[in-house]
1. Does region B:105-219 come out rounded, prolate or oblate, given a ≥ b ≥ c as the square roots of the eigenvalues of its C-alpha gyration tensor, rounded meaning a/c under 1.5 and, failing that, prolate meaning a/b above b/c?
2. Just to be sure I understand: of the beta bridges DSSP finds with both ends in region B:1-158, what percent are antiparallel, rounded to 5?
3. Out of the GluC sites (Glu not before Pro) in region B:45-91, which ones are loop residues according to DSSP with at most 15 other C-beta atoms within 10 Å?
4. Per the helix-only calculation at 222 nm, which mean residue ellipticity applies to chain A, given -39500 (n - 2.57) for every DSSP H run of n ≥ 4 and division by its residues, nearest 500 deg cm²/dmol?
5. Quote the charge dipole size of region A:28-125 about the Cα centre in Debye, to the nearest 20; the model charges only the Cβ of Lys and Arg (+1) and of Asp and Glu (-1).
6. Could you list, in their original order, any pairs among A:Lys25/A:Lys61; B:Lys59/B:Lys198; B:Lys117/B:Lys183; A:Lys52/B:Lys98 whose Cα atoms are separated by more than 21 Å?
7. Between A:Gly60, A:Leu184, A:Leu208, whose Cα lies farthest towards the positive end of the dipole of chain A when Lys and Arg beta carbons carry +1 and Asp and Glu beta carbons carry -1, centred on the Cα centre?
8. Over all residues in A:126-137, what is the mean tally of Cβ atoms on other chains that come within 10 Å of each residue's Cβ?
2 protein chains.
Amino acid sequence: MAEVQLFGVWGSPFSRRAEIALKLKGVEYQYIEEDLSNKSSLLLQYNPVHKKVPVLVHKGKPIAESLVILEYIDEAWKNNPILPEHPYERALARFWAKFIDEKCLPALWTACWNQEKEREEELIREACEHLKSLENELKDKRFFGGEKIGLVDIAANFIGYWLGIIQEASGRLELLTEEKFPKLYKWSEEYINCSVIKENLPPREKLLGFMRSRYAALN
Amino acid sequence: MAEVQLFGVWGSPFSRRAEIALKLKGVEYQYIEEDLSNKSSLLLQYNPVHKKVPVLVHKGKPIAESLVILEYIDEAWKNNPILPEHPYERALARFWAKFIDEKCLPALWTACWNQEKEREEELIREACEHLKSLENELKDKRFFGGEKIGLVDIAANFIGYWLGIIQEASGRLELLTEEKFPKLYKWSEEYINCSVIKENLPPREKLLGFMRSRYAALN
């Protein structure tokens, strides 16, 4: 068994968070693709509470929940820090990563896949309010972490990559656009063009095709 | 202005998490009681995203979200650690604290205040499944943190104290009982009898009266 294993799913932004962190640290690992319609017994054994990917296994010990995995990777391998050094900056990074998971992503996901026409405007407004909070937090920094990619950038990978592809697949949604959120839009371009990120994102055409078929199945 | 300020609400388990951590560390602080029906302009300024308590202000810099505050307190004051030392143990503590906030507490809260008779059984079953996960995790340890109170214990303070009072106020709910969850029940007794915890919980009669009036208002 490899010393470091990662159980993930190719199209999952949460699995990719863990992979990006391992790549940033230069950690070698074995990647194991899961089939969510037929989860492996190892996945169920390693994450009995949530039964979800990603799961990182280090020296036989499993860790679940992508933000918990990111903090673990940052503590277990000290080079190329993902969190800032100072306690206050660390608290801010944790605050925004949590905000992304608990507020921003659920609202974006709901707005993207909503089928009730009469709720559309309200859901888009709510999702955009959360994007606005991120736009304000970004200020004129290159990344949320400053000059280097950090916890919040990695946590925001859905916004940087997946969201644009879902918008394109929908043929109509406009959530993250250059006009609405110029700073966040610029951030997303910078983010996906960083070499370590670019090399670790799911293939664009494959993801776009997957999202298009999800939209087609709705109609 | 005091060097450390805490904006909280007397009956909030989330505010009390922050207070317990400050007391464990022996940090002096100024406590500021908020009126949630008329939030202070300082609270809104310090936590513009969520507009919620608790907010910790250290040397003029605000930190929101109780789990983020706990990690901050542990990093800013090194004595009496709240998180374990080893990265893997830290990851487990973060996993369970997150589980409590994202799964356990919402399910318990919904089960406690549900008014639809036909959903009652299902909601209680779901909440008890989460309590069972905690019971299994506790094993034969005195506290989730081992011999000493740590992050998970503090995160679970609602289960240790509030839940029993809500059950009593309801006059019928049975979620955490000695028969159903003997280990968790024993933990709750140990927890609320620790001096630093006992001295920092809201007064029992006041909280019971508050919960009784909430139940009365439902009928």
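The values are calculated or read from the model by the stated rules, or taken from the named source; none is laboratory data. This one's a predicted model, so the numbers in the text were calculated from it and none came from an experiment. Counting neighbours? That spans all protein chains shown, and the Cβs are built from the backbone with ideal geometry, glycine included. When the accessible area is computed, the model is the full protein with side chains, heavy atoms only, and any ligands, DNA or RNA have been set aside. Shrake-Rupley method; radii C 1.70, N 1.55, O 1.52, S 1.80 Å.
1. Values: a/c = 2.44, a/b = 1.33, b/c = 1.83.
Oblate shape, in that a/c is at least 1.5 and b/c is the bigger or equal ratio.
2. 70
3. Here the sparse-neighbourhood loop sites are B:Glu85.
4. -16000 deg cm²/dmol
5. 320
6. Flagged as over cut-off: B:Lys59/B:Lys198; B:Lys117/B:Lys183.
7. Positive-end residue among those listed: A:Gly60.
8. Details: counts 0, 0, 0, 1, 1, 0, 0, 3, 1, 0, 2, 1.
Per-residue shielding by partner chains comes out at 1.
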